[in-house]
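A short worksheet on the structure shown next.
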Amino acid sequence: METSRDQAAAATPETEPETAQAGATAAPADAHDTVEAAVRAQLTKALGGVRGMVEAAVPTIAFTGTYVAAKDIRLAVGAGVGAAVVLLLVRIAQRSSPQFVLNSLVGIAIAAFFALRSGRAENAFLPGILLNAGYGAAMIFSIVVRWPIVGFIIGSVTGDPTAWRSDPGIVRLCSRLTWLLVLPCAVRVAVQYPIYLADGDQSGLLGPAKIVMGWPLQVAALAAMVWLLTRGRTPLDRERPPAA
């Protein structure tokens, strides 16, 4: 009997860490027990939080503001790129992801290409108008066919990219959330495209419109999404591995 007790006592220190480790591994998987919590977490991750949104906006604001003030596309490109480089160096020094800074840098490069190639300053704003029109159309189509884009966020959490479609309540929630993402795109196109089509150099109007309808409008849409998500508690079903 004593031998059995000694063996059990000797096994205990090895068993407890394994149990603790298993609990630590399982904790993240159960961190979000509702659809709303999962979507909030994934949206925050996708946008990089407040810092990610600011980093995406600052180079664009520097580019647009400089162009509106100086009417010099090359100077504006330099200001936008300079702001992005400073933010990029900060990220590198902190050894964190520069994804959102690089996204802005690519946007500025495309805008500069359109403006320099055509010789029309307002063409710097055309890529943004077209991109918003494309995003809006794609999201509306996803809602019409009952595959709202936000639903795939839930699929990325549960491990099954399409299982969420079997629950009509989740499909309705994802459709509402996707509509809230459509709105900023639709407003930008509805306001900026008529200005772009007007006669004369409209860059003086397009610049402020791009700044005002940039990340402030996006933040407003995300705030509406968060408000909608805090109102419900839809259970989140996950794929669970079979018992050993």
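The values are calculated or read from the model by the stated rules, or taken from the named source; none is laboratory data. Please read these numbers as outputs of a predicted model, since none were measured by experiment. Virtual Cβ from ideal backbone geometry, glycine too; neighbours counted across all protein chains shown. Please note that ligands, DNA and RNA were not included when accessible areas were found on the heavy atoms of the full protein model with its side chains. Shrake-Rupley method; radii C 1.70, N 1.55, O 1.52, S 1.80 Å.
Give me the pairs: first residue in segment 169-186 and within 15 Å of VAL226 (Cβ to Cβ) and of a type in the set (A, V, I, L, M), second residue open to solvent by 30 Å² or more (accessible area, probe 1.4 Å) and not in a helix (DSSP H, G or I), beta-carbon distance under 7 Å, and six or more apart or on different chains, which are they?
Cβ pairs passing all conditions: LEU173/THR234.
Just one of PRO168, PRO184 is touching a Leu at 6+ places or on another chain (Cβ under 6 Å) and either closer than 21 Å to THR60 by Cβ or open to solvent by 30 Å² or more (accessible area, probe 1.4 Å) (or both); which is it?
PRO184
Please indicate, with yes or no, whether at least one residue in segment 83-94 is among the small types (Gly, Ala, Ser) and closer than 30 Å to ASP201 by Cα.
Within segment 83-94 (the criterion being among the small types (Gly, Ala, Ser) and closer than 30 Å to ASP201 by Cα), the answer is yes, since at least one residue qualifies.
Out of segment 133-165, which residues are open to solvent by 30 Å² or more (accessible area, probe 1.4 Å), more than 22 Å from THR230 (Cα to Cα) and in a helix (DSSP H, G or I)? Spell out the reasoning first.
Just the residues of segment 133-165 that are open to solvent by 30 Å² or more (accessible area, probe 1.4 Å), to begin with: 133-135, 137-138, 140-141, 144-147, 149, 152-153, 156-157, 159-163, 165.
Now drop any that are not more than 22 Å from THR230 (Cα to Cα), which leaves 133-135, 137-138, 140-141, 144-147, 159-163.
Passing the criteria: ALA133, GLY134, TYR135, ALA137, ALA138, ILE140, PHE141, VAL144, ALA163.
Here is a list: LEU105, LEU173, LEU180, LEU116. Which entry is modelled with pLDDT of 90 or more and at negative phi?
LEU180
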